[in-house]
Amino acid sequence: MSMYFVASCKKDEPAKATVAVTSISLNEQNLEKKAGETFLLVATVNPENATNQNLTWTSDNEDAATVDQDGLVTCKKQGNAKIKVTSQDGNKTAVCNVKVNPKKPITSLGFKNSNYQVVVGQILDLAPELNIVPLTSDEEVVWTSLDSSIATVDKNGVLTAQKHGKVTISADTKDGRFNGKTCEVTITQPYIELTTTKNEIKLRVNANDEDKEDIWIDLNANGKKDTNEKVTVFDTDNSVTYTKTAETIAIYGKVTDLFCFDNELTNLDVSKNTSLQDLSCVSNQLPNLDVSENTKLRRLFCGKNPLTNLDVSNNTKLEMLRCFENELTSLDVSNNTKLRDLDCANNPNLTCIKVNAEQKANIPSLWYKDDTASYNTTCD
């Protein structure tokens with residue numbers, strides 16, 4: 001019996017060569033579309049037999065346009081975006097520049113008024129003051145302040161008053177086709193208005209040292225600083241008597257402390273001076289007092305007035321509140337967590353004083369009220 005052995009030797013196949021990516025191209029390089037539109041970008045990898053054809057898609061401005069990993073571009077809103085495709089192999093790139101136009105362009109725009117006024121430190125939202133046609137337009141408005149040292153304006157049309165003066169504010173479309181519609185904004189010094197029929201008024205005024213030079217009282221209500229109207233006496237225990245010729249006068253400048261008690265005041269407007277920290281208007285004839293803008297207020301003495309309401313919810317820095325001998329029907333001090341001194345006695349119609357839970361658990365020793373009033377976390 002014969003046996004035969006056949007030896008077989010299989011030759012190894014050569015490894016398949018890797019073909020590198022040399023470049024990428026797109027079917028579009030520059031496109032102009034409207035918000036809401038979508039389109040597909042097609043990338044071509046060169047050479048076509050490149051081994052690794054994996055790609056990554058990105059947008060440099062996703063507010064204007066986004067792209068998914070299949071190259072589908074969605075136009076979101078007005079703006080410019082670079083849609084870039086990058087190869088995994090070799091980081092080769094190609095870019096399509098996309099300009100997204102608004103779906104509903106503006107056909108007309110202009111300010112409702114030509115002049116506005118605001119006080120130093122305050123803000124003014126000018127966007128509602130702009131008449132835009134159509135109202136449903138999604139086209140972007142470009143806002144510009146011609147003197148940002150006086151007032152700045154952000155991309156939404158919110159103006160911030162920096163210092164006293166006048167400034168022109170411009171609104172236009174990005175392409176400037178309306179030639180910059182403008183309004184003028186006058187920035188005034190902070191001021192406090194006081195009304196009394198008395199010919200003389202007693203005042204104690206204080207301010208920070210750097211602001212004292214700008215403090216004056218318009219005693220004749222002519223809107224100009226006359227020679228006798230500059231305040232020269234500050235930080236004294238005694239009031240200064242000023243002779244006035246107008247029923248309503250104004251104190252201009254960043255006043256921090258004002259004592260105007262016993263002047264038969266029928267109106268006191270402190271809303272245009274946000275620097276105020278200490279206010280005493282005791283013994284007047286004030287039916288109301290608005291301190292909602294005075295968020296720096298630390299001490300408020302407003303006793304002996306016919307006040308029926310007093311809102312101190314915004315005055316979170318308030319440490320002392322003396323509103324005795326008024327006609328208050330309600331008082332809410334639950335936001336005034338720093339309040340250590342409260343006197344609301346002799347308010348016969350005040351039966352409930354709203355406090356927070358922590359205050360109620362530990363009523364400060366310097367809080368005074370009528371026996372008929374109670375502290376509660378809720379008041380009807």
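The values are calculated or read from the model by the stated rules, or taken from the named source; none is laboratory data. Given the structure is predicted, the values throughout are model-derived calculations rather than measurements. All Cβ positions, glycine included, derive from the backbone under ideal geometry; neighbour counts span all protein chains shown. Calculation scope for accessible area: heavy atoms of the full protein, side chains included, ligands and nucleic acids excluded. Shrake-Rupley method; radii C 1.70, N 1.55, O 1.52, S 1.80 Å.
Computed FRET efficiency, Cβ-Cβ of R340 and V19, R0 56 Å: what is it to the nearest 0.05?
So the FRET efficiency works out to roughly 0.10.
Which entries of K230/K272; K155/K225; K224/K244; K166/K230; K82/K104 have Cα-Cα distances beyond 25 Å here?
Over 25 Å Cα-Cα: K155/K225.
In debye, nearest 20, what is the charge dipole magnitude of the chain about its Cα centre with +1 on Lys and Arg Cβ and -1 on Asp and Glu Cβ, if you could check?
Result for the chain is approximately 1140 debye, rounded to the nearest 20.
All other residues with a Cβ under 14 Å from the Cβ of T152 taken together, and with Lys, Arg as +1 and Asp, Glu as -1, what is their net charge?
-1
Find, to one decimal place in angstroms, the Kirkwood hydrodynamic radius of the stretch 216-365, where the mean of 1/r is taken over every pair of different Cα atoms and then inverted.
16.4
So what's the convex hull volume per residue for the Cα atoms of the stretch 326-380, in Å³?
74
Using heavy-atom solvent-accessible surface (probe 1.4 Å) with all chains present, what is the largest-first order of D290, D68?
D290, D68
I'm a student and want to see the number: the projected area of the Cα convex hull of the stretch 25-166, averaged over all directions, in nm².
The Cα convex hull of the stretch 25-166, projected and averaged over all directions, gives 11.1 nm².
Kirkwood hydrodynamic radius, the stretch 222-279, all distinct C-alpha pairs: what's the number in Å?
Final number for the Kirkwood radius of the stretch 222-279 is 13.1 Å.
Given a Förster distance of 41 angstrom, what is the FRET efficiency for D138 paired with T44, based on the Cβ-Cβ distance and rounded to 0.05?
0.75
Over the stretch 107-207, what is the relative contact order in percent, taking alpha-carbon pairs closer than 8 angstrom and at least six residues apart?
About 31 percent, as a whole number.
Relative to the present Cα-Cα distance, how much length would full extension add between I363 and S313 at 0.36 nm per residue of separation?
Extra length from I363 to S313 when fully extended: 16.2 nm.
I'm checking a number: the convex hull volume of the Cα atoms of the stretch 119-191, normalised per residue, in Å³. What is it?
80
So how far apart, in nm, are the two label points at S148 and N131 if each is 7 Å from Cα heading toward Cβ?
3.1
What nm distance separates the two modelled labels at Q285 and T93, each placed 7 Å from Cα along Cα→Cβ?
Each label point is offset 7 Å from its Cα along the Cβ direction, giving 7.6 nm.
Net charge near E139: determine it from the other residues with C-beta under 10 Å of the C-beta of E139, scoring Lys and Arg +1 and Asp and Glu -1.
After counting each charged neighbour, the total is +1.
Report the gain in length on full extension from V240 to R299: 0.36 nm times residue separation, minus Cα-Cα distance, nm rounded to one decimal.
Contour length minus Cα-Cα distance gives 19.2 nm.
Two decimals, Cα atoms only, Kirkwood Rh: what is Rg/Rh over the stretch 200-297?
0.92
Quick check: pseudo-label points 7 Å beyond the Cα along Cα→Cβ at N115 and K224, how many nm apart are they?
My value for the distance between the label points is 1.6 nm.
Based on the Kirkwood radius over alpha-carbon pairs, what is the Stokes-Einstein translational diffusion coefficient of the stretch 251-340 at 10 °C with 1.306 mPa s viscosity, in µm²/s?
Value of D from the Cα-based Kirkwood radius: 123 µm²/s.
Please work out how much accessible surface F39 shows to a 1.4 Å probe, ignoring ligands, DNA and RNA, in Å² rounded to 10.
For F39, the solvent-accessible surface is approximately 20 Å².
Counting helices only, and only those DSSP H runs with n ≥ 4, report the 222 nm mean residue ellipticity of the chain as the sum of -39,500 (n - 2.57) divided by its residues, in deg cm²/dmol to the nearest 500.
Computed mean residue ellipticity for the chain: -500 deg cm²/dmol.
If you split all Cα-Cα distances of the chain into 20 Å bins from zero, what percentages do you get per bin, shortest first?
Answer for the chain: a P(r) of 21, 31, 24, 15, 5, 2, 1, 0 percent.
Please report how far the C-alpha centroid of the stretch 106-168 lies from that of the stretch 252-284, rounded to the nearest whole angstrom.
Cα centroid to Cα centroid, the span is 31 Å.
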